[in-house]
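Participant: So that we are looking at the same thing, I have put the structure below in structure tokens.
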Amino acid sequence: MAIKTYNPTTPAQRQKTTQDFDQITTRKPLKSLTRKKKQNAGRNNQGRITVRHRGGGVKRHYRVVTYNLPKDLTYTIEEIEYDPNRSARIARVKDQKGIYYYVIADTSMKKGGKFTTGEKATIETSNRLPLEQIPVGTTVYAIELTPGRGAQIARSAGTAVQLMAKENGYATLKMPSGEFRKVLTTCEASIGTVSNVQHQNIKIGSAGRRRRKGIRPTVRGVVMNAADHPHGGGDGGRHGAGKAPRTPWGQLALGYRTRRNKQTNKYIVRSRHEGKRR
């Protein structure tokens, strides 16, 4: 998939690039699979900002994506659609009973194509089956962490996970981050790579385009007052020299471990940080 550039009529147009939407086959989503989406501007139910730099942006409807399709069925791909709520494309599919679903599309999905789910599915791209049925070395996406819970790993654009080994009821996966993790072989996964591979290469180009995405401006800590940020204050010279970068609340921002669920450490064979160490 190519990246579209623009004529340099303005400084923003000179830098801006966008996605090629040739893969998309329809502009209108299925009404029965869309829901209203409220803009919370990064606030929780108490009205406090829990995620900074959010607010505004264009209105969006949420697409109800199914991460746990019914098993042992064949699905026909009706349309490939754009989803404003995620980086990947989504596919509108219909099962043998005539029921419609939205699923995350992979690079090989095309209008009119078919794929199957369940243990009896063949080893072909887009088919969804348990990891114990998939050969070692295969590239997979939309992987379950808990059997029956639905896809939780590898759902964003261009993401792919490699199945490295299977032993004692566990499959070893190589994540895009470099982490090696174990999951049960009874967990399901889809074969292939998530669509919209060029997403990470898109240049926003202008501040207005970022605002339309619902992202507000970010102010650096070093230009704030001392009362507002640990990096703030000073006489306009060297700011915070020799100090480790911190968040506005004083927590270390780089190299500080923030992982809370220590119980799942036993499933991580190799951390994503280990490959970077020298």
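Please treat every number below as a calculation from the coordinates, not as lab data. Computed from a predicted model, the values in this text were never measured in an experiment. Here Cβ is always computed from backbone atoms with ideal geometry, including for glycine, and neighbour counts include all displayed protein chains.
Participant: Taking neighbour counts of Cβ atoms within 10 Å as a proxy for exposure, in what order, fewest first, do His229, His273 appear?
Facilitator: Working: His229 20, His273 12.
Arranged by neighbour count, lowest to highest, His229, His273 become His273, His229.
Participant: Considering amide H positions built from the backbone, and no H for Pro or chain starts, which residues 5 or more places from Arg216, or on another chain, come under 5 Å of its amide H?
Facilitator: The list, which skips near neighbours in sequence, is Arg54, Gly55.
Participant: So how do Asp20, Asp235, Asp72 line up by other beta-carbon neighbours within 10 Å, fewest first? Mind showing how you got there, number by number?
Facilitator: Values: Asp20 13, Asp235 6, Asp72 10.
Least crowded to most crowded, the residues run Asp235, Asp72, Asp20.
Participant: Could I ask something else about it? Tell me the trypsin sites (Lys or Arg not before Pro) within region 142-197 that lie in a loop according to DSSP and have at most 12 other beta-carbon atoms within 10 Å.
Facilitator: On the way: sites: Arg149, Arg155, Lys166, Lys174, Arg181, Lys182; in loops: Arg149, Arg155.
Counting only loop positions with at most 12 other Cβ atoms within 10 Å, the trypsin sites (Lys or Arg not before Pro) in region 142-197 are Arg149.
Participant: Given a 10 angstrom Cα cut-off, can you work out which residue in Tyr256, Tyr141, Tyr67 is the most mobile in a GNM of the chain?
Facilitator: Per the Cα network of the chain with a 10 Å cutoff, Tyr256 tops the list.
Participant: Treating cross-link reach as a plain straight distance, find the lysines whose alpha-carbon is under 17 Å from the alpha-carbon of Lys38, omitting any fewer than eight places away in the same chain.
Facilitator: Hits, sequence-local ones excluded: Lys59, Lys213.
Participant: Starting from the amide H of Ala88, placed 1.01 Å from N in the peptide plane, find each other amide H under 5 Å away whose residue is 5 or more places distant or on another chain.
Facilitator: Ala157
Participant: Starting at the first residue of region 49-63, write each ³J(HN,Hα) from the Karplus equation 6.51 cos²θ - 1.76 cosθ + 1.60 with θ = phi - 60°, in whole Hz, x for Gly and Pro.
Facilitator: So the J values, rounded to whole Hz, are 6, 9, 10, 6, 6, 10, x, x, x, 6, 6, 9, 9, 7, 8.
Participant: Jot down the radius of gyration and Dmax of the chain, Cα atoms only, both in angstrom.
Facilitator: Just the Cα atoms of the chain yield Rg and Dmax of 22.2, 71 Å.
Participant: Still on this structure, I have one more. Which value, in Å to one decimal place, does the Kirkwood hydrodynamic radius take for region 1-106 when every pair of different Cα atoms is included?
Facilitator: On the way: mean 1/r = 0.0599 Å⁻¹.
With all distinct Cα pairs of region 1-106 included, I get 16.7 Å.
Participant: Another question about this same structure. Quick one: compute the contact order of region 139-278, relative version, from alpha carbon pairs under 8 angstrom and 6+ residues apart, as a percent.
Facilitator: Values: 214 pairs, mean separation 28.9, N = 140.
Relative contact order of region 139-278: 21 percent.
Participant: Over the chain, what is the percentage of antiparallel beta bridges among all DSSP beta bridges, to the nearest 5?
Facilitator: Values: 44 of 46 bridges.
Counting DSSP beta bridges with both partners in the chain, the antiparallel share is about 95 percent.
Participant: Let me ask something additional. Length gain on complete extension for the stretch Arg209 to Thr5, per 0.36 nm per residue less the alpha carbon to alpha carbon distance?
Facilitator: Numbers: separation 204, 0.36 × 204 = 73.44 nm, distance 1.50 nm.
Length gained between Arg209 and Thr5: 71.9 nm.
Participant: Mean-square fluctuation check for the chain, GNM, Cα pairs under 10 Å: which of Thr186, Thr18, Thr107 is largest?
Facilitator: Thr18
Participant: How much length would be gained if the chain were fully extended between Lys31 and Arg149, taking 0.36 nm per residue of separation minus their Cα-Cα distance, in nm to one decimal? Could the numbers behind the result be given before it?
Facilitator: On the way: separation 118, 0.36 × 118 = 42.48 nm, distance 2.56 nm.
Gain on extension, Lys31 to Arg149, equals 39.9 nm.
Participant: Suppose each label sits 7 Å from its Cα in the direction of the beta carbon; what would the Asn45-Lys166 distance come out to in nanometres?
Facilitator: Output for this residue pair reads 4.2 nm.
Participant: Also, I was wondering about something else. With a Förster radius of 25 Å, plug the Cβ-Cβ distance of Thr18 and Lys110 into 1/(1 + (r/R0)^6) and report the FRET value to the nearest 0.05. Please report the intermediate quantities before stating the final value.
Facilitator: On the way: r = 22 Å, r/R0 = 0.88.
For R0 = 25 Å, the calculated efficiency reads 0.70.
Participant: Name the lysines eligible as straight-distance cross-link partners of Lys120: C-alpha to C-alpha under 24 Å, and not fewer than 8 places from it in the same chain.
Facilitator: Output for Lys120: Lys71, Lys94, Lys97, Lys110, Lys111, Lys166, Lys182.
Participant: Neighbour counts of other C-beta atoms within 10 Å: give me Glu119, Glu179, Glu167, Glu79 arranged from fewest to most. It would help to have the intermediate numbers written out before the result.
Facilitator: Details: Glu119 12, Glu179 17, Glu167 9, Glu79 20.
By the 10 Å Cβ count, ascending, the order reads Glu167, Glu119, Glu179, Glu79.
Participant: Find the relative contact order for the chain and round it to a whole percent, using C-alpha pairs within less than 8 Å whose residues are 6+ positions apart. Provide the component values of the computation, followed by the final result.
Facilitator: Working: 565 pairs, mean separation 46.1, N = 278.
About 17 percent, as a whole number.
Participant: In nm, to one decimal, how far is the Val223 label point from the Thr247 one, both placed 7 Å along Cα→Cβ?
Facilitator: Label-label distance for Val223 and Thr247, simple model: 2.3 nm.
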